[in-house]
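So the structure is just underneath, and the comments pick up after that.
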Amino acid sequence: MNLTDTQQAILALIAERIDAEGFPPSQTEIARAFGFKGVRAAQYHLEALEAAGAIERLPGRARGIRVLQPPPQAQRELGLVAAPAIDEDALRLPVLGRVAAGAPIGSAAGIEPDNYVLLDRNMFFPSPDYLLKVKGDSMRDEGIFDGDLIGVHRTHDARSGQIVVARIDDEITVKLLKIGKDRIRLLPRNPDYAPIEVLPDQDFAIEGLYCGLVRPNR
């Protein structure tokens, strides 16, 4: 398949969601996961994947996507076992601790890596700088579950609607960022959890963008 890095990453996301949940992500979820401004960009990449023979789109179904050619990283159980040789598509990423998909649980800043994991860079978009282990299930409707390792692209800039790793008074959490005219909220993707509203006197910063995940064998 002659696919771009973004298209390979979208294919990996589709395969992972089907494997984990039994159904693929919607176009809106794909657009949100990759920071697209609208669903048209997601449609473009899905059309390219279909033209390449990687997927089949089933007409008349909102989530009608069937994977015809799983990405190589999915065939290698999401790359958690290191490949025999390091190539230009390999990333050696440090696991820097835990991040809450629930209530914030503590800072990952300034700690030594728990270990390093060798992964295919095409699993992520944008390219991550480190991994965090998820604790909790507040992001389950985005396909992020307890025990997952999420890739984080280190940046202090993010747009409303992106999934971010944020720091609130030295506590770290992963949530959907919502920027309003007079407030910032961090939204869970599980109705059992309440949104977190950032108060004016709190020390708040974006630590990075969520850019994909791997699911260790359990």
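Does GLY53 satisfy being under 21 Å from ASP148 (Cβ atoms), in the same structural domain as VAL67 (by TED's automatic domain parsing) and not in a helix (DSSP H, G or I)? So GLY53 fails the test. Do the conditions hold for ARG154, that is, is it free of Cβ contacts under 8 Å to residues at least 40 places away in the same chain, within 22 Å of ILE30 (Cα to Cα), in contact with an Asp or Glu (Cβ under 7 Å, 6 or more places away or on another chain) and surrounded by fewer than 18 Cβ atoms within 10 Å (Cβ to Cβ)? Against the criterion (free of Cβ contacts under 8 Å to residues at least 40 places away in the same chain, within 22 Å of ILE30 (Cα to Cα), in contact with an Asp or Glu (Cβ under 7 Å, 6 or more places away or on another chain) and surrounded by fewer than 18 Cβ atoms within 10 Å (Cβ to Cβ)), ARG154 does not qualify. Can you confirm whether ALA166 is crowded, with 20+ Cβ neighbours inside 10 Å, closer than 21 Å to ARG32 by Cα and among the aliphatic types (A, V, I, L, M)? Answer is yes for this residue. Among the residues making up the range 117-132, those that are under 21 Å from GLU171 (Cα atoms) and either of a type in the set (A, V, I, L, M) or under 12 Å from the mean Cα position of the chain (by Cα) (or both) are PRO128, LEU131, LEU132.
Of note, SER107 does not satisfy the criterion of being hydroxyl-bearing (Ser, Thr, Tyr) and either modelled with pLDDT of 75 or more or in contact with a Leu (Cβ under 6 Å, 6 or more places away or on another chain) (or both). Residue selection: GLY143 satisfies the criterion of being over 19 Å from LEU96 (Cβ atoms), touching a helix residue (DSSP H, G or I) at 6+ places or on another chain (Cβ under 7 Å) and small (Gly, Ala, Ser). Only residues that are closer than 17 Å to PRO195 by Cα and not basic (Lys, Arg) were counted across the range 131-143, and they come to 6.
On the stretch given as the range 1-27, residues that are farther than 17 Å from ARG189 by Cβ and hydroxyl-bearing (Ser, Thr, Tyr) total 2.
This table checks each residue for (1) in contact (Cβ under 8 Å) with a residue 60 or more places away in the chain; (2) of a type in the set (A, V, I, L, M, F, W, C).
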{"position": "GLY180", "(1), (2)": "no, no"}
{"position": "LEU186", "(1), (2)": "no, yes"}
{"position": "ASP192", "(1), (2)": "no, no"}
{"position": "GLU197", "(1), (2)": "no, no"}
{"position": "ASP201", "(1), (2)": "no, no"}
{"position": "GLU207", "(1), (2)": "yes, no"}
{"position": "TYR210", "(1), (2)": "yes, no"}
{"position": "ARG215", "(1), (2)": "yes, no"}
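Going by the conditions given, is GLY161 in the same structural domain as TYR210 (by TED's automatic domain parsing), more than 15 Å from GLU207 (Cβ to Cβ), assigned to a loop (DSSP other than H, G, I, E, B) and touching a Pro at 6+ places or on another chain (Cβ under 9 Å)? So GLY161 fails the test. Scanning the range 32-67 for residues that are among the β-branched types (Val, Ile, Thr) and under 20 Å from CYS211 (Cα atoms) yields a count of 1.
The values are calculated or read from the model by the stated rules, or taken from the named source; none is laboratory data. Just so it is clear, the model here is predicted, and its values are computed rather than measured. Note that each Cβ is placed from the backbone with ideal geometry, even for glycine, and that neighbours are counted across all protein chains shown.
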